[in-house]
Amino acid sequence: MPHLPDVVLWSVPAFVLLTVVEMVSYRLHPDEDAEGYEAKDAATSVGMGLGSLVFDALWKIPIVAIYAAVYELTPLRVPVLWWTVLLMLLAQDFFYYWSHRGHHVIRILWACHVVHHSSRKFNLTTALRQPWTTWTVWPFYVPMIALGVHPAAIAFCSGTNLVYQFWVHTERIGKLPRPFEFVLNTPSHHRVHHASQGGYLDRNYGGILIIWDRMFGSFVAETERPVYGLTKNIGTFNPLRVATHEYAAIARDVRAAGSWRERAGRVFRGPGWQPAERTAREAKSTAPASVEEPAT
């Protein structure tokens, strides 16, 4: 088993220090256009982050068992060397892109990821607002295990990706020089990702690299100022509700569905999906009534 550091644990002091620096910067140099900090919102984000550490430890038990089984079954082995780790990071970032994209377009996966988008603020504590149901993520990395990458190396790469993304959750950094903006995920790109405007929705999924979005047609540059949060905000700071509100909404929609096809759509289609017949009824009910011509 390769001995790789726990990069998330080692980065905690930096997370705390940078968050304090950002808070102080808003006090010393206020920005009326920026969202800044709100005590309840920041506390909820930190609480979600602490809770995710507990729940992630529980989910790791079955996930590690599955990964270990796949690793034992494959005859392939990738040695942990400096250059293979770079390739692993590249591969993990590629699969992260598809995991992230999937968690935006499939509702049962969105129920996990929506937690991270539930804040109307955008600051370094937003990076800590992590879901408690990350059991939906592991299937996307099975191909790497099947190709001979050790599960511990996957954990290291995932942790590195997570640590990198911490600094992109800020409004205090504008656009970087063009070469960086072209290749890397930056605060500008990630502000777009967290925005709720129509043109910004479901864009810029990249973790470390933004080139995947450029390659697969999901990239949008930051032009207008983002409005953060959800298209329908939840209006609560209760961590339990933040963690579970979309699962509860799915359950309500499934109970109210009129057919098994609609039930499946409510779970596996996009977050805003509606059955065609309901869409037609709503369109008909909102259409203006026709005015009859007076008889002559």
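The values are calculated or read from the model by the stated rules, or taken from the named source; none is laboratory data. Just so you know, these numbers come straight off a predicted model, no measurement behind them. Here Cβ is always computed from backbone atoms with ideal geometry, including for glycine, and neighbour counts include all displayed protein chains. Side chains are part of the model used for accessible areas, which takes the heavy atoms of the whole protein and leaves out ligands, DNA and RNA. Shrake-Rupley method; radii C 1.70, N 1.55, O 1.52, S 1.80 Å.
Compactness of the stretch 100-216 was expressed as the Cα radius of gyration divided by 2.2 N^0.38 Å, which yields 1.09. Global dimensions of the stretch 211-261 from alpha-carbon coordinates: Rg and Dmax equal 17.0, 43 Å. Calculated on the alpha-carbon coordinates, the convex hull of the chain measures out at 197 cubic angstrom per residue. Placing dummy labels 7 Å off each Cα toward the beta-carbon, the span from T231 to D6 is 3.9 nm. Across every pair of non-identical alpha carbons in the stretch 1-64, the mean reciprocal distance, once inverted, gives a Kirkwood radius of 14.5 Å. Rolling a 1.4 Å probe over the heavy atoms of the protein chains gives the chain an accessible area of 55 Å² per residue.
Overall shape of the stretch 148-268 was characterised from the C-alpha gyration tensor. The equivalent ellipsoid obtained from it has semi-axes of 31, 20, 16 Å, in decreasing order. Taking 0.36 nm per residue of separation and subtracting the Cα-Cα distance, full extension of the segment from L53 to V254 would add 69.3 nm. Close amide H contacts of L209 (hydrogens built in the peptide plane, cut-off under 5 Å, sequence separation of 5 or more or a different chain): N185.
Here the accessible area is traced with a 1.4 Å probe on the protein chains. For the chain, carbon and sulfur cover 67 percent of it. Couplings 3J(HN,Hα) of the stretch 188-197, computed from phi: 4, 5, 7, 4, 4, 4, 8, 7, 10, 5 Hz, in residue order, whole Hz [Karplus 6.51 cos²θ - 1.76 cosθ + 1.60, θ = phi - 60°; x for Gly and Pro].
The 1.4 Å probe gives accessible areas that order D6, D253, largest first, as D6, D253. Sequentially through the stretch 200-213, phi angles give Karplus couplings (6.51, -1.76, 1.60; θ = phi - 60°) of 9, 5, 6, 10, 6, 7, x, x, 8, 9, 9, 5, 5, 5 Hz, Gly and Pro residues having no value and appearing as x.
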